[in-house]
Amino acid sequence: MPYSAGDGRSVGHHGAGDDTRRLEGHVGLAFLAYAAVKPAIQAGLREDSAGMRRFIAEQLRAAGADSIDPELAAIGLMALVDGLGMQLLSRQYAEKDAVAALDAQLATIFGAA
């Protein structure tokens, strides 16, 4: 299936897997908590997020996700991956379950569910 999360790297990047990635996830989470109270940092994060949303929306359009608003789907996918990453950091469930959740959302977006 062309929309699969594959081997979990897209979700696992947020801290699941090896110790280095888990540490990176903790550092990222700490940075976001810090940025939440620093308006100067927030502006840069908004810019970066907007670029990522545009990229994901473009990929959705190119992949033929025609039945959804690609901008809104991109926001949802980013939120899902961020949330899965935080839950993986606290070991709330297995990586394979996080990948399955992402795959299920992609299947919904592409009309395969």
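With respect to residue 37, is the statement that it is of a type in the set (Val, Ile, Thr) and either open to solvent by 90 Å² or more (accessible area, probe 1.4 Å) or modelled with pLDDT under 90 (or both) true? Answer is yes for this residue.
Is the range 88-107 home to any residue that is hydrophobic (A, V, I, L, M, F, W, C) and open to solvent by 60 Å² or more (accessible area, probe 1.4 Å)?
No.
Residue pairs whose Cβ atoms lie under 8 Å apart, sitting 6 or more positions apart in sequence or on different chains, and linking a residue in the range 48-66 that is more than 18 Å from residue 107 (Cβ to Cβ) and touching a residue at least 24 places away in the same chain (Cβ under 8 Å) to a partner that is among the acidic types (Asp, Glu) and open to solvent by 40 Å² or more (accessible area, probe 1.4 Å), are 53/71. Say whether the condition of being among the hydroxyl-bearing types (Ser, Thr, Tyr) and either in contact with a helix residue (DSSP H, G or I) (Cβ under 9 Å, 6 or more places away or on another chain) or over 21 Å from residue 22 (Cβ atoms) (or both) is met by at least one residue in the range 56-67. Checked the range 56-67: at least one residue is among the hydroxyl-bearing types (Ser, Thr, Tyr) and either in contact with a helix residue (DSSP H, G or I) (Cβ under 9 Å, 6 or more places away or on another chain) or over 21 Å from residue 22 (Cβ atoms) (or both).
Restricting the range 1-34 to residues that are closer than 15 Å to residue 89 by Cβ, modelled with pLDDT under 75 and among the aliphatic types (A, V, I, L, M), the residue that is surrounded by the most Cβ atoms within 10 Å (Cβ to Cβ) is 11.
The values are calculated or read from the model by the stated rules, or taken from the named source; none is laboratory data. Everything quoted here is computed from the prediction, not taken from an experiment. As a convention, Cβ positions derive from the backbone with ideal geometry for all residues, glycine included, and neighbour counts pool all protein chains shown. Accessible surface areas use protein heavy atoms only, side chains included; no ligands, DNA or RNA. Shrake-Rupley method; radii C 1.70, N 1.55, O 1.52, S 1.80 Å.
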